[in-house]
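This report refers to the structure that appears directly beneath it.
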Amino acid sequence: MAAIWAVAELAGGRPTRLSLELATLARQLAQASGGTATVVAVGSGAAGAAKELAALGPRVIAVEAPTEGDRPAASVVAPRLAALAGEARPDVLLVPASPDGKDVAGFLSALLELPVLVSAAGVRWADGGPVVQMSTFGGRLGTESAFTHGRGIILVRPGTATAEPALRHVVHARGDDEISHGLSQVAEQVGGTLLAEEAAEQTEDDVHGRRQHAERGHEQIEIQIQLADDGAPLFAAARAAGGHLRPPPRQQPHRQPRQESGREPGQLLAQIRAEEAFGQRADEHADLAAQPNQHGRQADGRDQIEIQAAQAGLARRFAGQRFIAAQGARVVGPQDRHPDDARVHELDVVDARRHLADDAGEADQH
Amino acid sequence: MRIVVLVKAVPIVGNERLGDGFRVDRGSGLEPNGNDEYVLEAALKLTEAHGGEVTLLTMGPAAAAEALRKGLAMGATRAVHVSDEALAGSCARATAEVLAAALRRLEYDLAFAGADTSDGQGGIVAAAIAARLGLPYLSYAAHIEPGADGATVRVHRLSPAGYDVLEAPMPALVMGTQVLGEPRYPSLRGIMQARGKETLTWSLADLGIDPARVGAAAATTRVLTAAPPPPRAGATIIRDAPDVAVERIVDFLAARSLV
């Protein structure tokens, strides 16, 4: 099962058109390969951009980082992407074939020792891997290329795919009593299935329909993301923390009257507890810890799934920067400089303001 | 100021063809990659204005010496040619590894690389080299100048809205664009002088690189098929007056959701 990642570029806090195309392409490749699709947005305004990207279907990881600050965007984006991709080891990284995208791809290639296929005008899935179409020699020749060992980075040109919203879908995870997955695996299932924005729009009919489905298939448990008070899912907190999936004993499910929480019951099928996830920042997440008590029994009639966050390397690795959930605004740490930034990222932008080409003299004054 | 210019020897544009294993045939008829000539020109102007020397660095077959000769004729001081039979068919990852190893052996303040190459269209090797060497990387340069303190380099990086002005401590790697300015033609005097300039040839052993890590056998990508593209559909030619033509073009684009 292939893990397809698309790297989203941001401009003014919004994903570029090419990023939306890549998100769609990632979803299409994931469908063709039977795998998963993820969009990673790193930059200023990533949280807001995540909402738009999420509509295209893939799971979204948004990392707030100062790309509109005093350093070139690629030098901010690449080390964070390398840390994420080094941890999750996606099979394919789709990167926009833009100037910044090429810089990012070059950095990632060196940092992760991954091959790069460039100028993709088409990407399809065949024989267990991506096959990349490109035009070469000034358009005189069309080639198809592949990675020798399966994994790699693909620089994708504009127009390779048409950005299309995904149909809503819910994936069911098996509710085996023996389930004890790493939280990242759970997050893969959860994050790619139902987005908070969609959950917030659910109607009672939607919920009933899914309940019936769950009752017919007792071996299945439907996973959704619990909403925080601000409407954001707690996905990022859980994923960053690491942990395990642990279904409670089957005798526990019981029906409770709907609480006056302002949410539809169907919004809450999983509990994500993050109170232990961030050590000294536990106070910041007191609200998260409290939520299972307030709403944890709303998954009436069904098995509950408790995603208990624990200390994990990923959380420590990303300590000191904002790590934001797909639907945005769930800040799990203060914004700060990435600790792993290397020397290459110590560029000083003398003046990051945009100058017109004839303003060279003025630029020198800054 | 000591500047190393990375030069890729590519087939003369229009004469490219694929050889064995769908690899670009680089056996003969090579010239410096066009974008590399632009950064070489920028390097020559910098050294002419501020003093210093320019060293060319290439990795390629024996025929790559033709491209180096042109660079030397333009005014470069010397050339370094990394050449080894085991390098044939190397992928971008291996190329970056080899060039990074060669740069470690050279003393320089700045390394220059051109944007995309005419044969591979990659544009990622320079960034990969910078990452491997931990060098500040300033890409898509439209203007390059030394900082006032002599220890930094300042670059105008092209952006969608104009350009950003970046500054980094040296040594640094700068990837330049054609906005830097037209490369000069080699003069007859330059061509004659090039014959006497120093050209070093380094092997993989000189660089301490295991041959098993490079070449076609170690390539991380492979070409599966190559064929001429299908013929394009006929073009739509609009010969109307401007106001009507604009309307028709907008309609054409709108029908395809392009505007």
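Observations
- Dipole magnitude for region B:166-259: about 400 debye, using +1 per Lys or Arg Cβ and -1 per Asp or Glu Cβ, origin at the Cα centre.
- Nonlocal amide H pairs with A:VAL60, under 5 Å, H built at 1.01 Å: A:VAL39
- Model label zone, B:ARG105; criterion: amide N under 13 Å from point 7 Å along Cα-to-beta-carbon; scope region B:64-90: B:79-84
- Averaging the Cα positions of each part gives two centres, and for region B:210-254 and region A:1-58 these lie 24 Å apart.
- Label-to-label distance, B:ALA245 versus A:MET1, with points set 7 angstrom from Cα along the beta-carbon direction: 5.7 nm.
- For B:LEU18, nonlocal amide neighbours, meaning residues 5 or more places apart or on other chains whose placed amide H falls under 5 Å from its own, are B:ASP25.
- For A:ALA8, distant residues with modelled amide H under 5 Å away: A:VAL40, A:ALA41, A:VAL42
- A straight chain from B:ALA63 to B:ILE237 at 0.36 nm per residue would run longer than the Cα-Cα distance by 58.2 nm.
- For region B:65-179, fraction of C-alpha pairs farther apart than 20 Å, in %: 48
- Mean Cα-pair separation over length for region B:44-164, i.e. relative contact order, pairs under 8 Å, 6 or more apart, %: 16
- For region B:113-174, a/c is not less than 1.5, where a ≥ b ≥ c are the root eigenvalues of the C-alpha gyration tensor, and a/b does not top b/c. That puts it in the oblate class.
- Entry note, chain B: the mean residue ellipticity at 222 nm calculated from DSSP H runs of n ≥ 4, each adding -39500 (n - 2.57), is -8500 deg cm²/dmol after division by the residues and rounding to the nearest 500.
- Here the extension length gained between B:SER203 and B:GLU182 equals 4.3 nm, from 0.36 nm per residue of separation less the Cα-Cα distance.
- Spatial extent of region B:103-259: Rg and Dmax, with the Cα atoms as the point set, Å: 23.2, 67
Read-outs: derived from the displayed coordinates by stated rules, not from any lab. What you see is a predicted model; the values in this text were computed from it and never measured. In this analysis, Cβ positions are derived from the backbone assuming ideal geometry, glycine residues included, and neighbour counts consider all displayed protein chains.
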